[in-house]
Amino acid sequence: MKYQIKITKTSQSNIENIDFDHLPFGKFYSDHMFVADYIDGHWTNLEIKPIALIPTHPGNMAWHYGQSIFEGMKASRDEEGHPLLFRPDMHAKRINASARRMCMPEIPEDLFLEAIHSLVRMEKAWIPPQSGSALYIRPFMYATDETIGVKPSDTYRFIIFVMPVGPYYSKPVKLLAQDTYVRAVVGGVGEAKAAGNYAASLLPAAMAKNEGYDQVMWLDGVHKKFIQEVGTMNIFFVIGDEVLTPNLDGAILAGITRDSIITLLKDRGIKITERLITIGEVMEAGEKGTLKEVFGAGTAAVVAPVCEIKHGHQIVKIDPDSFKISKMIYETINGLRNSTVEDTHGWIVPA
Ligand SMILES: *Cc1c(COP(=O)(O)O)cnc(C)c1O
């Protein structure tokens, strides 16, 4: 252990009050959180302590100018109950990529990992044993200077908390391709897991809901024709016997689930291509019947099957019951997470 983390345990665990068989997503917190402060160019005051409010000055720069980034990852357990992490190094790298874009300090990878490992080991009892359930981990960092004026903050706080979550089985989703609002443009901040991106997505998402659609399919900001992502997930299409996903163009969030799926498909000899994909070709494949599967991909759901896409007046429907590749991916990733599928890539790391 390179870092000194001060540990203060709660005197009153809340775990008895949680029904692990009925866990909604994002509602229940474990007992402890990790906190660190960035002051004078160093990460300091490393501490795990009971989860509590964090009093904040009204002039806190994060509120006003939005320097706030986060990660989302999961811990699971093997059949003996040992806690496991999925590709934690990738999350350490990605939070630092987000930090660089938002002009925030990086977190040394070994500090990020030690904080995750320490907290997850301490909160081991909070990892639900049920298949598909997990301990969702939310690391985040925000500016803490109390200064009005647009400039990078000098001080920051890095916090990690964890939440037990049930299987995020998403019912098949209906997507509305959006050509009024865009999520991100090349040169913007779409590649960063920055809080403001999600605020910007709320209005178009609410408009889609009003029309009876679950999520927005984001198109590129210039031509409004190249598919980027759906909601807060990456997207995959199976057309004929080829799997397609948009190439990372600088506006798309580089999902770790996306990267894992590409690797798993290659392992299995399934043709996977990363390239520009137009909404027109997807709708046409849908009409011709060559569009076999569409699914979103992200840490929370792993895979979210899509049953309908609307673009303009055109609607395409597909039957998720017939999906094979997305089902195989879902089962493989969940199997890796609980050690029932062999990990040939070193993705699973004991916490
Ligand atoms: C987090 C996120 C994803 C998925 O990334 P994972 O690493 O697979 O969880 C995709 N798109 C957006 C916009 C995201 O915020």
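Only the coordinates and a few stated rules stand behind these numbers; no lab work does. For clarity, every value in this text was computed on a predicted model and none was experimentally measured. No Cβ is skipped: glycine too gets one built from the backbone with ideal geometry, and neighbour counts run over all protein chains shown.
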Debye-sum result for the range 49-111 in log10 I(q)/I(0), which assumes one identical scatterer on each alpha carbon, at q = 0.16, 0.18 Å⁻¹
-0.77, -0.89
Which values of log₁₀ I(q)/I(0), to two decimal places, follow from the Debye formula for the range 173-337 at q = 0.13 Å⁻¹ with a uniform point scatterer at every Cα?
-0.57
Of Lys174/Lys225; Lys174/Lys224; Lys74/Lys124; Lys171/Lys310; Lys151/Lys224; Lys209/Lys266, which ones are farther than 24 Å apart at the Cα?
Lys151/Lys224; Lys209/Lys266
For a quick protection proxy, order the peptides 22-28, 280-286, 208-214 by their average other-Cβ count within 10 Å, most packed first.
280-286, 208-214, 22-28
Which Cα, out of Val186, Asn14, Phe112, lies furthest along the positive dipole direction of the chain (beta carbon charges, K/R +1, D/E -1)?
Val186
May I ask you to derive the relative contact order of the range 173-337, considering only C-alpha pairs under 8 Å and at least 6 residues apart, and to give it as an integer percent?
24 percent
Charge sum, other residues only, whose C-beta stays under 12 Å from His91's C-beta, Lys/Arg counted +1 and Asp/Glu -1:
+2
Residue by residue through the range 230-238, which ³J(HN,Hα) values in whole Hz follow from phi under the Karplus form 6.51 cos²θ - 1.76 cosθ + 1.60 (θ = phi - 60°), with glycine and proline marked x?
10, x, 10, 10, 7, 10, 10, 10, 10
A student asked for the Cα radius of gyration and Dmax of the range 257-351 in angstrom ought to give 15.2, 50
For the chain, calculate the relative contact order in percent as a whole number, restricting contacts to Cα pairs under 8 Å that are 6 or more residues apart.
19 percent
Output needed: percent of Cα pairs per 5 Å distance bin for the range 6-165, bins running from 0 to the one holding the longest distance.
2, 9, 18, 20, 19, 15, 10, 5, 2, 1, 0
When the Cα atoms of the range 59-147 are enclosed in a convex hull and the volume is divided per residue, what value in Å³ results?
108 Å³
Whole-number Å³ per residue for the convex hull built on Cα positions in the chain
145 Å³
Charge context of Pro305, other residues only, Cβ under 15 angstrom, K/R +1, D/E -1:
0
